[in-house]
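The structure appears below as structure tokens.
Each value in this text was obtained by applying a stated rule to the coordinates, not by laboratory testing. Predicted model only: the values in this text are computed from it and were never measured. Using ideal geometry, Cβ is built from the backbone for each residue, glycine included, and neighbour counts are taken over all protein chains shown.
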């Protein structure tokens, strides 16, 4: 199938996505189209770089800032701060990062998802609806309408990973080289380190898209394109914290108080309960439906993730891709369930965002259309996400 998409689907993606994003931004407390989140460690990091420093000049109490050897550091992976660099140069410290860092990349991801689904044989309507659903019928919508520091990382990581798929999953036209796809995935890892577990999946897609190429050559391409970013991240961490794998979370004040550290098997039962079993409660007041901000069952407001999981288990497709998808979903899922996240208030289970790139691949391979039942379930997830954005300020907060 040779695909030459007209402009109409892209216009539809914009006309639907922009008002949804903007409505969510306003509901979440955003201050208009050029909104700048006050939880802006990435902007502060970009400003520090422009001043010739890796450390911050100050550490406001309302921000999570790592203290190490008398200096203050941003404890989040640095790629979102790279996006902030030109914005700081143009706008100063009040960057329009919701518009540029969030929505602009969402639009790119929507376009990429549409193209990828068309390559897999979806018709235009199905590809459009499925693409929109992976953004707005998931925790990506409920969590990432504003460029808060953690939302910035999760949103940008997802978008970069999806854009990378365009290069590793070649279309019938034969266009596309895999190298930039591995580069984009390595940048996604610089937003969310657990996304490194997607590399085997990307390699599997590369091999299936180019069966004439031996796997050692594909592996060399992966290493050659991803190594520069991996090396830069390692050197940056080494320079700040004396360890190539330390982004700084272990040096946060609350993390130092944890007897078992921020990663432990002991957190798995509590997190798994909230991720899969914790249901909302009727309050009899306002807001009428209370979602536990320590985490609520992810399947309630992440319909595409459910479709993907069902397709992975129940439908047949390429065994190499299927196995790589399963490994990525299980590996990332295990990682997020072993993270101490009790103090992170959220709607739904926001760490589900890290599962979405692998889930998108599983969905694209397991199905050939977006059925009416899928559309109904996705609409339900979207409505729940809008509800969460609307009542967020009034949601009772979990306290560890």
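Worth a mention:
- Computed from label points 7 Å out along Cα-Cβ, the spacing between residue 62 and residue 272 is 3.9 nm.
- Label zone of residue 50 (point 7 Å out along Cα→Cβ, amide N under 14 Å): in the stretch 69-92 this covers 81-92.
- A Gaussian network model of the chain, with springs between Cα atoms under 10 Å, assigns the largest mean-square fluctuation among 85, 63, 156 to 63.
- Pair residue 124, residue 34: separation of 7 Å Cα→Cβ label points (nm): 3.7
- Chain lengthening between residue 334 and residue 23 when straightened (0.36 nm per residue, less Cα-Cα): 108.6 nm
- Gaussian network model of the chain, springs between alpha carbon atoms under 10 Å - residue of 169, 90, 203 with greatest fluctuation: 90
- Cα→Cβ-extended label distance, 7 Å offset, between residue 238 and residue 383, nm: 5.5
- Remark on the stretch 107-252: ratio of C-alpha radius of gyration to 2.2 N^0.38 Å is 1.14.
- By the helix-only formula, in which each DSSP H run with n ≥ 4 contributes -39500 (n - 2.57) and the sum is divided by residues, the chain has a 222 nm mean residue ellipticity of -17500 deg cm²/dmol.
- Against the rule of thumb 2.2 N^0.38 Å, how large the Cα Rg of the stretch 75-165 comes out: 1.16
- Proxy reagent accessibility, fewest Cβ within 10 Å first, across 257, 393: 257, 393
- Selected from 213, 119, 170 as most flexible by GNM, with the chain as the system and alpha-carbon contacts under 10 Å: 213
- Extension gain, residue 213 back to residue 283 (0.36 nm per residue minus Cα-Cα distance, nm): 19.3 nm
- Ranking of 332, 353, 382, 262 by count of other Cβ atoms within 10 Å, fewest first: 262, 382, 332, 353
- Working note: Debye formula, equal point scatterers on the alpha-carbon atoms of the stretch 302-400, no solvent; log10 I(q)/I(0) at q = 0.11, 0.17, 0.18 Å⁻¹ is -0.41, -0.86, -0.93.
- Which of 123, 354, 40, 67 has the fewest Cβ neighbours within 10 Å, and the rest in rising order: 123, 67, 40, 354
- With kT/(6 pi eta Rh) evaluated at 10 °C and eta = 1.306 mPa s, and Rh the Kirkwood radius from Cα pairs, the chain diffuses with a coefficient of 74 µm²/s according to Stokes-Einstein.
- log10 of Debye I(q)/I(0), alpha-carbon scatterers only, for the stretch 210-359 at 0.09, 0.13, 0.14 Å⁻¹: -0.44, -0.84, -0.94
- Cα centroid separation - the stretch 186-244 against the stretch 10-43, whole Å: 30
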